[in-house]
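Okay, so here's the structure we're looking at.
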Amino acid sequence: MDILRENLLSLLKNNNIEKLEALLGLANLIRAETVGDQVCIHGIIEFSNYCRSLCAYCGIRAPNEKIQRYRMSLEEVKKTAVNASNNLGYKMLVLQSGEDLWYDADKLAWLIKTIHKKCRRCLLFLSIGDRDYDTYENLYKAGARGVLFRFETSDESLYKKLHPDCSFAERIEQLKFMQEIGYLTASGPIIGLPGQTIESLLDDIYLMKELKITMSSMGPFIPTSDTPLENEIGGTADLTLKMIALTRIIYPKARIPIATALEKIGGNKARIAALNGGGNAFMLNLTPTQYRDSYVIYDGKNQLKSHIHSKESIDELDGIIKSCGRKICRGWGTDFTLNKKNFASLCNMER
Ligand code: 5AD
């Protein structure tokens with residue numbers, strides 16, 4: 001094995017606190033050099049928890065009959081998005097749901113067009129899972145410009161065990177066709193899945209780099225009730241911090257959001273460590289209160305109020321960002337993974 005890979009693996013395996021701090025410090029320097037001090041705050045609206053998929057770790061998987069299912073009406077999603085963009089200052093929104101085919105291509109295209117008509121300028125990401133090329137192409141034409149579509153793990157056999165209804169190769173094909181259509185992509189692994197190796201986590205980082213993923217979206221595995229993995233051990237905050245730092249070192253231009261799941265297991269301490277260790281974005285939850293507690297992709301997701309949009313949570317985040325010597329950005333900011341031409345076309349989204 002080559003020496004570089006050996007060294008990177010030993011950094012991921014390391015449990016020595018001083019070495020961890022040195023790794024985070026190096027990532028922070030590289031972050032400052034390559035992507036600067038901006039920290040963007042994005043928003044997410046979870047508009048339906050119906051799901052046809054069988055992902056072994058996820059609380060809203062199809063067989064889970066214990067949760068209350070909901071679907072927001074198109075009008076409600078529109079209102080939530082328009083308010084977020086025009087009144088709350090969000091300029092990048094993720095529209096996320098389980099894999100719910102009730103929202104067909106026509107309904108989603110209507111939604112995207114209508115949001116754009118009402119919003120001054122808003123970058124829309126879709127996180128709706130497996131759909132065919134034509135659907136994604138139509139939704140791009142309607143005005144969606146990004147997809148949040150994690151590959152979850154690059155270990156093919158682990159992928160198959162966790163997703164009996166899909167293969168890793170298909171997942172990557174989909175990511176690639178989304179990029180071919182023109183979408184920005186947010187993708188990455190879950191960290192600390194049962195059976196996942198450190199070697200495969202390093203491969204996950206290289207895969208994000210190879211695919212030129214715009215947003216390296218990753219977070220710790222959280223064992224969740226009423227799923228096949230409910231009694232397994234979860235991912236740790238330290239391993240997640242090491243993954244963030246190493247991603248920043250290996251793929252310096254990435255936008256690295258600090259996931260809610262990390263905050264769930266490590267609190268504000270982990271949030272700050274991630275911000276000082278390579279991370280440069282946050283995502284706040286804008287799902288209307290009456291639905292929020294049913295969107296339980298993992299246990300206790302909404303126990304912490306700090307990632308749910310409110311004046312207090314924005315002020316708190318603002319304070320954290322400033323105390324780390326960084327600048328808050330409510331738009332999309334600069335995208336360092338894109339060339340100038342792509343970035344210009346992205347900015348011409350006003351319609
Ligand atoms: N723990 C951590 N992350 C999870 N996700 C789903 N379930 C869990 C869990 N139990 C993540 C997956 C999915 C995203 C929407 O949420 O990566 O792509």
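The values are calculated or read from the model by the stated rules, or taken from the named source; none is laboratory data. Keep in mind that this is a model prediction, so the values were computed, not measured. Ideal geometry is used to build each Cβ from the backbone, glycine not excepted, and the neighbour counts take in all protein chains shown.
Filter region 176-220 down to residues that are in a loop (DSSP other than H, G, I, E, B) and over 23 Å from N280 (Cβ atoms) and give me whichever is farthest from the ligand (Cβ to nearest atom).
G182
Could you please give the count of residues in region 251-276 that are under 19 Å from T337 (Cα atoms) and of a type in the set (G, A, S)?
Counting residues in region 251-276 that are under 19 Å from T337 (Cα atoms) and of a type in the set (G, A, S) gives 1.
Hey, can you tell me all the residues within region 194-219 that are more than 16 Å from the chain's Cα centre (by Cα) and either farther than 23 Å from A56 by Cα or modelled with pLDDT under 95 (or both)?
Step one: list which residues in region 194-219 are more than 16 Å from the chain's Cα centre (by Cα), which gives 194-203, 206, 210.
Result: Y206, E210.
Please indicate, with yes or no, whether at least one residue in region 133-149 is part of a loop (DSSP other than H, G, I, E, B), closer than 22 Å to C55 by Cβ and within 15 Å of the ligand (Cβ to nearest atom).
yes
Restricting to region 221-263, name every residue that is over 18 Å from D203 (Cβ atoms) and more than 15 Å from the ligand (Cβ to nearest atom). Full working, then the answer.
Within region 221-263, the subset over 18 Å from D203 (Cβ atoms) is 222-234, 236-238, 241, 252-253, 255, 257-263.
Answer for region 221-263, where residues must be over 18 Å from D203 (Cβ atoms) and more than 15 Å from the ligand (Cβ to nearest atom): D238, L241, P252, K253, R255.
Tell me yes or no: at least one residue of region 150-173 is polar (S, T, N, Q), away from the ligand (no atom under 16 Å from the Cβ) and in contact (Cβ under 8 Å) with a residue 24 or more places away in the chain.
No; the residues of region 150-173 include none that is polar (S, T, N, Q), away from the ligand (no atom under 16 Å from the Cβ) and in contact (Cβ under 8 Å) with a residue 24 or more places away in the chain.
Please list, ordered by first then second residue, the pairs with beta carbon atoms under 6 Å, 6 or more apart or interchain, first in region 289-305 and in contact (Cβ under 8 Å) with a residue 24 or more places away in the chain, second surrounded by fewer than 16 Cβ atoms within 10 Å (Cβ to Cβ).
S294/Q68; D299/S225
Just one of A109, A169 is of a type in the set (A, V, I, L, M) and within 29 Å of Y90 (Cβ to Cβ); which is it?
Unique residue meeting the criteria: A109.
Take the residues in region 183-217 that are surrounded by fewer than 19 Cβ atoms within 10 Å (Cβ to Cβ) and touching a residue at least 60 places away in the same chain (Cβ under 8 Å); name whichever of them is farthest from Y159 (Cα to Cα).
K212
P63 is checked against (1) surrounded by fewer than 22 Cβ atoms within 10 Å (Cβ to Cβ); (2) touching a Phe, Trp or Tyr at 6+ places or on another chain (Cβ under 8 Å) and fails just one. What number does that condition carry?
Every condition holds for P63 apart from (2).
So which residues in region 308-348 are at pLDDT below 90 and either farther than 23 Å from K253 by Cα or among the β-branched types (V, I, T) (or both), if there are any at all?
Across region 308-348, the qualifying residues are T334, T337.
Of the residues I272, I233, which is surrounded by fewer than 18 Cβ atoms within 10 Å (Cβ to Cβ), out of contact with any strand residue (DSSP E or B) (no Cβ under 9 Å at 6 or more places or on another chain), part of a helix (DSSP H, G or I) and of a type in the set (V, I, T)? Walk me through how you get there before you give the answer.
Details: I233 fails: part of a helix (DSSP H, G or I).
I272 is the lone residue from the list that is surrounded by fewer than 18 Cβ atoms within 10 Å (Cβ to Cβ), out of contact with any strand residue (DSSP E or B) (no Cβ under 9 Å at 6 or more places or on another chain), part of a helix (DSSP H, G or I) and of a type in the set (V, I, T).
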